[in-house]
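Since the structure comes first, as C-alpha cells, the remarks are kept for the end.
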Amino acid sequence: MAEEIDDNGFYREDFSAESDWEVFNAQLGDLFQRWELSNENDWGDASFNVNNTKWQIDEEQLEVLGKPMTVKYYKALLEPGTCSKSANVTPQFHQDLMCVKSTLDQPTFLDEKANDVHYLARMYGLRRFVVMHPSQLQNHYLTNTSKFSFFLSSISVVAAEVCSAVPIFLHIHDPKWNFFLGIGMSSYMRTNFHSVALEQAPAEYLYLSGLVKMFKEKLPRNHDKPAVVSVRITYAMDTVKLRVPMYVPFGMTPVVDEERSVIEVSQFTALPHGYFPGSNTTMFATFTWPELMDNMFIDSPLQTQFIPSKAPCGKLYQTVHANSYLTACLKDYYNLITAKNTLESYVGRNFSGATTMAEEGNPLDQLGGKIGSHRPQTKQYADNTQQATSSGGQSKLPGPMKEYELNPMLYYLLPNIKPDLALFLYEMLSKDKIDPHRIKSAESDSLVYRLSCLLATVHAHFGGKSGFAQLYAAFTRELRQLWESCTPIPGVAPGLPDTRTCLLHQKLQMLNVCIEKRLQREKGIAAKTEGGMAMHTVELVTDDDDDDDDEDDDTNEEFYDLTEEDSDDPTEVAKPKEDNSKNPLKAEGRLRRFKNLKLIGSDEYLYVPVTQDLAPKTEDQLQDASDVMLKMGSDSEFITDLMCSTVVSDAEAFKAANPKAGFEDFIRWFSPNDWEEYWNEETQETGHKLSARMQAAGNTWQKVWEQAKPVPAARQKRLFDDTLEGYKILNYLESRNLGEIFGLTIVPLLHSSILKLKDIFANTQVLELFTETLDEILADLSRFSRDIELVEALPSPSSSEAPKINENKYTLQLPNPQPLLKKIEQLERDYYHYKCFECLPGVNGLPKAKLHSKFCEILKNNGHCNIVNAAEDHDGGVVEQVLQSLFIGDMREKLMSKDYVIRLGEGLVADESPKDVEAKDQQQPQAGFSNYLMPQFLRAIVTGEKLRLCGAFTENTTFLD
Amino acid sequence: MAGAGDPKWQKDASDQNFDYMFKLLIIGNSSVGKTSFLFRYADDSFTSAFVSTVGIDFKVKTVFRHDKRVKLQIWDTAGQERYRTITTAYYRGAMGFILMYDVTNEDSFNSVQDWVTQIKTYSWDNAQVILVGNKCDMEDQRVISFERGRQLADQLGVEFFETSAKENVNVKAVFERLVDIICDKMSESLDADPTLVGGGQKGQRLTDQPQGTPNANCNC
C-alpha cells in the first residue's frame, strides 16, 4: 500500500514544519541549556538573607507568535553552601520552600531596598528562578487562560527536557498585581506555583485555622504529619516627628519653642542646621513565631493567641526620612562644581575697585613691562572703609543681598575692617599645627573656613549664584582694600605659603607675605632672612647677569625711592641712608661675621652679607616652575639663568659686604664643603684648597663670581617682587569663575561641616556613637583633599623659545565629592534617627550606654533591632523590656498585616542556629524518593480584609496519590 | 569615588610611553656625590668634577619593573644650606627619597637626621626613603663604618646601601630597590584601602591616619 502512494506526483506535506509552540520550545530549550538551569551545585545556603543579597539577572528576548517575550533568570549571588547540601538529594528549590528563615526574616513592606528584590524571592524564598513575561508590559500582559496554558505547557516540557532545577514562572495579568504561575520540575515531582488575591475574603480565611484547613484540602494525599506554620504579625506604630527648626547664620534664627532642642552648638560656624519640617521616623514592629505545629496555637475569628507579648521574636523597624538644611546646603553648593559663570556676569566689570591699576586689558601685562610704575598707594584704611560703608565711596555691588545683610558677613570674615563691630575675632593661628588627619586645607575657623562656609550658606539661603558672586566679589574687594592700605589679612596662618594647606590658603598666605614685605620696606627695615622658612624657590629674572649700569640705577631707585614717593605719612622717615653706594671699596650690607674667619690673604674678617629672601611660591607656581624646567630641559640657558639668580644675587651681596674677597672666600661661606682640607707635603701642615669641581675651569660658580658686581642686597633687583606678586594674587582671586571658587572652597567647607556635626554630637552626648563614622569621613576627606590635582587648563604655549611662567593656567581638578556628601547626609540622618529613637516613651530614662548599643544595632542592621531577645543579651535587656512594653495592650488598631506560611515537607529548616540545621541534615535519612515527603507550601498575607495567597503544591508525576 | 577609582600615578592612555611615573629626589649635604650618583645611573658616566649643582636639576629614565614601564623623574638637589628652602619645595609629590651621605665625611652623616626631619615636614607621609652611604670606594678615608650606617637606617626604619658612583657599586640596586618598595607600598595601600578600588567595607580604616593613603601626586 505504502509503495503505491510513494510517488513524486503526490503533494507531500512537510511534516518538519514546526508550530509556533515548537519553535518557542526549541528557543527556550537552547536558552535554558545556555543558562545551565540543570545545575544543582553552588546555590549557596538556602537560609539566605533576601534583602542583603546581590542578584545576577540574565535577560533574553524571544519571539513568540510575533510578539517579543522577555525571559529573565534571577540568581542570588551567594557564597557556596556552608552545609554539605550538594550531596543532599533534595532539590534545591524544595529546600528554598522549606526554609523558614529566608521567607520570614525580612518584612516585605517597609524596607525600600526590598523593592529591588523580586517578589518571588520574597514570597517563596527562592534563590534562583526564571520569569517570563511579554516584553511590552503596558498593554500586552497575559490575561486569558489559553495563553497561560500555551506557555505553561512549554515550560513544563522544556523544564523536563533540560532537567531544570530552577522553577520557571509566567508573569500574568497587570504586572503591578504580582501574579505568577510557575512550575518547578524535579525527576518525578512537579511543583505548581499559584497566586490568588481576594479583596474581601471570608473571615474564616483571615486566620490560621481556616488557612490550615484550606491547605490540607489542597494536599495531594493525606499527610499524617502536622504542617509547620510560621507566623509574622506586623504593626504600624505612630510616626515619630521631631521638629528641629531651621537655623541660618546671618539670617533666620529659630524661635525657641517648647520643642526640645536637639541641636546645640558651642562654636559658631557659618553653616545652617536644622531639619526640614517633613522629617520623621516611621516605625513598624514585627512579631514572629517562626516554627509552630499547625495545631498548637489558636487563631480564629473568635480568638487569637498571636499577640505581641507571647511572641518568641520581635523586631522593631525604623525608617528615617530626614532632610537636613546643612546637607541640603552642601548638595546645593555641589551644583556649582561645573558652573562656568564668571563673577563679572553677576557683579559687572571692574567690581574689584582696582583704582590704582589701569582698568583695561590685563593689569599684569602692564606690570610686567615696568615693575614699580604702578605702586600701590598706601592709604589710611580706616578712611577708606568709612568712605566705603558710609558715603558709598565704593559703589554697592549688584546682588540680592542688602548692605545690612552683607556687611556683617564681611565683618565676620575680616574683623579688622570694623574692629568695633567685629563679633568673631580669629584665634591666633599657629604655623605648624598638625591636623591629625592631614587634610590639605587650613586651620578650622580660619579665614578660608569662614569664607567657604559663608559662600555655601549664601548660595543656599541668600540668593543662589548671584548672592554667592556678590559675597565673593565683596570679599575680594575688601582684600584689595586691605592690600592697598597695607593691612595684613586676618585669619591666615603666618609664614610662607605652606603647600600642605589648600591653594586658597596658600594664596592668602602669599598675599600676607607681600603685604609684610611692603610694610617692612616702607618702614625701612632691612629684610632679614628668616631661618627655617620654607618654600622658596628660584625666581624668574628677566635681566641678564651683566646688567648695564642704567638698569642698575633703575633697580636702585626702585628700592630706595619707593618709600619716599609713597609715604603719604610724613612721620614715616626711617629709610636707609647709605648714599655712598658707588664706592666699590666701601663694604655694604654686612649681616655679621662669619665664624670669625678672615679673608684669604687679608686681615679683614669675612662677613656674611645681607641676602635677599628667596621667592616664596604657592603650589601652582611651583608646579609651573618644574613644568617649565621639564619642558626646557635642565641644561637650557633659560633654566641655568633661572637657577643662577640666587647665586648671582648672593655673590653680588657678598662682594659688596667683602670688597676684598676672592672666589675662595665666597665658596668658604656659600659651600663650605668645597673648601677642602688637605695635607701639604711641602709645608708639612694641613692646608685648604678648592674642591676639584670648583677649580674646574669655567664652571658656573666661577663664571657667576667673575661677572658679579658688588651690589648689596638692598639695591639689587628684587628676586621676589612682592608688588607684582600681590597683584597677581588679587587678580587670580578676582578672575576665578564660580566652579573654580567651588574647587577652592570645597575642602574647607566639608571639613567645617564635619566639625560642626562633631560639635553638635558632642553637645548632645552622642559623639561616641558616631566617632567611627566621623573618623572614616575625615579620612576620606583627607584623601579627597590630596587627590585634588592642578592641571593645565589651556594647551601649553606652543613655544620652546619663550616659556612663560604663568601659574594662572592651572585649574584644580577635583575627585568626585559625592560619596563624601552622601556619607555626611547619612550621618545627619542617623543623628536624627537617634534623636527620634530617644523620644520613644520610656526610652529616654534608660542608661545611655545601653541605649547607644541598641541604636548601634539598629544602624548595623539597616534600621531594625530585636525587641524580644531570647538569649542574646545576658544582662537583662533593659532596653528590650522597655521597647517591648510599647506593645502591651490592645494592638488591634495598629495591626497592619499578618503573614502566615504553612509548610509541609522534608527537612524543614527551623529558625535555629546553623549547628542545629546541620544536625538535622545529618539525621535526615539518605533515603531515596520512596518515602520522600514532597514540599507543600502556602503563604497567606492578610491585610485587613484582603487576602493574598501564594501556593506551591507538589505532586508526583509518576504515581497518582 | 570616580576620581579615586583610577590611581593618579597611572597615567591615562594618551601617555603611551610608560605605565607609572615616579618622582624621586636625591638629597643630602653638598658634595656627598648626589650628581655623580645620578649621572652614573642615568648616563653610566663618571667624572670627579661635576659642577656643583646650582639649585635643582633632574634626569628622566624609564625602567622596566614587573612588566611595567616605570618612568623615573629624578630630581637632583643642591646640598648647600642656602638652597634648602628651594629644594624642599620640590619634596611635595615625591614618592621616593634617596638620602645620601658621604662615608668619608662625618658632618654629612650627622646631618642625616636633619634631612629626615625635612622629609617629614615637607613631603606627604607615604614617601619611601633609602639611606645611602656614598663613596665607599674611598676605604682609606672612610670615617663612617658600614655598621654605623646600618644602625642609623634601622633606627630610622629605612633601607640602607653603601654605594660608589665612581666604581659603580650598588647604584642601580638602590634605584631598583626604591622602585620596588614604592610599588609594594602602592599595592599595599590599594589592598588596605578598598574604597580606592570601589566598594569598601565599612569600618576597616577608621582611626588609621591616612598613613597608607596613596597621595601619588606626581607633579608630572
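Burial here means at least 30 square angstrom less accessible surface with every protein chain in place than with the chain by itself, probed at 1.4 Å; in the stretch B:31-72 the buried residues are B:Ser31, B:Ala49, B:Val51, B:Ser52, B:Val54, B:Ile56, B:Phe58.
Suppose R0 equals 51 Å; then what is the FRET efficiency for A:Gln684 and A:Leu519 from their Cβ-Cβ distance, rounded to the nearest 0.05? Let's see the in-between values first.
Values: r = 57 Å, r/R0 = 1.13.
According to the calculation, E is roughly 0.35.
For the stretch A:331-348, the Karplus equation 6.51 cos²θ - 1.76 cosθ + 1.60, evaluated at θ = phi - 60°, returns couplings of 5, 4, 5, 4, 4, 6, 3, 9, 5, 9, 4, 8, 4, 4, 5, 9, 10, x Hz by residue, with Gly and Pro reported as x. For the stretch A:152-212, GluC sites (Glu not before Pro) are listed when DSSP marks them as loop and at most 11 other Cβ atoms sit within 10 Å of their Cβ; the list is A:Glu199. Put a dot 7 Å past the Cα of A:Lys848, heading toward its Cβ, do the same for B:Met138, and the two dots end up 6.6 nm apart.
Once C-alpha pairs closer than 8 Å and six or more residues apart are averaged by separation and normalised to the residue number of the stretch B:18-188, the relative contact order reads 25 percent.
The amide H of A:Ser186, built 1.01 Å from its N in the peptide plane, has A:Thr191 as neighbours under 5 Å, considering only residues 5 or more places off or on other chains. Using a probe of 1.4 Å on the protein chains alone, the accessible area found for A:Met891 is around 10 Å². Annotation: A:Ser266 carries an accessible surface of approximately 80 Å², with a 1.4 Å probe and no ligand, DNA or RNA atoms counted.
Here the simple spin-label model places points 7 Å from the Cα toward Cβ, and for A:Met632 and B:Gln151 these points are separated by 4.7 nm.
Summed over both chains, the accessible area lost when A and B associate is about 4800 Å², using a 1.4 Å probe.
Rolling a 1.4 Å probe over the protein heavy atoms leaves A:Leu496 with an accessible area of roughly 20 Å².
The simple Förster model, with R0 at 51 Å and r as the Cβ-Cβ distance, assigns A:His321 and B:Thr117 a FRET efficiency of 0.45.
Take the Cβ atoms of A:Gln303 and A:Ser885, set R0 to 22 Å, and the FRET efficiency comes out at 0.40.
Here the alpha carbons of the stretch A:725-795 define both size measures, Rg and Dmax, at 16.9, 54 Å.
Other protein chain C-beta atoms within 10 Å of residue C-beta, averaged over B:77-84: 5. The fraction of all Cα pairs in the stretch B:18-188 landing in successive 10 Å bins from 0 to the largest distance is 10, 43, 38, 9, 0, given as whole percents. Overall, the accessible surface of the stretch B:93-137 at a probe of 1.4 angstrom is composed of carbon and sulfur to the extent of 40 percent.
The values are calculated or read from the model by the stated rules, or taken from the named source; none is laboratory data. Keep in mind that what you see is a predicted model, and the values were worked out from it rather than measured. Cβ coordinates were reconstructed from backbone atoms using ideal geometry, including for glycine residues, and neighbour counts include every protein chain displayed. These area figures cover heavy atoms from the full protein model, side chains too; ligands, DNA and RNA do not enter into them. Shrake-Rupley method; radii C 1.70, N 1.55, O 1.52, S 1.80 Å.
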